[in-house]
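Worksheet: the structure to be examined is printed underneath.
The numbers here are math on the coordinates, done by the rules we state, and not lab data. Bear in mind that the values here come from a model prediction, so they are computed numbers and not experimental data. Methodologically, a virtual Cβ is constructed for each residue, glycine included, from the backbone with ideal geometry; neighbour enumeration extends over all protein chains shown.
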Amino acid sequence: MDIPGIPRICNLLPRTGILFLFLMIGFTAFLISCGSESEQSDEEEVAAEAAHPGEKVYKKYCITCHGIDGSMGSNGAFNLRETKLSVEEKIAVITKGRNTMTAFEKVLKPEEISAVAEYTEKFRQ
Ligand code: HEC
């Protein structure tokens, strides 16, 4: 029995099969190259940039007295949400300390101090 159309499709199959294989290889290469590692590390970099460089310092050294949002006021710490200090004045307080607040000049690098002073600016509303 000769069904019209079928033999032609059968003849085409090997060629389309090879074409399909090439397509799959190309697609897989595409997925590997931009799907996994390279793209992921890009995203991580973006996330690291998005988080403020002073945030890590703040969470490590300042939270105990000032709290996560600057308003805790433990040990008589001033509310950083309501402070009227400029970034420069904050840097001075953080570096030299004031009353019960400890000086950080021996603990943090100058760039970490300015980063954390900058970070506390976000507590202001
Ligand atoms: C041991 C507790 C303690 C720690 C830790 C601490 N602070 Fe303080 N902070 C205080 C106290 C207490 C004051 C108020 C000082 C005063 O009475 O003059 C203060 C004041 C400040 C002020 C001045 C606010 C104003 O309006 O005058 C800033 C800015 C500040 N702290 C930032 C920081 C940063 C940034 C860190 C982390 C690097 C930090 N503090 C860590 C206790 C602390």
Taking a cut-off of 25 Å between Cα atoms, list the lysines near Lys84, but don't count ones fewer than 8 places away on the same chain.
-> Lys56, Lys59, Lys60, Lys96, Lys109, Lys122
For the range 52-123, the dipole about the Cα centre with charges only on Cβ (Lys and Arg +1, Asp and Glu -1), to the nearest 20 debye, works out at 200
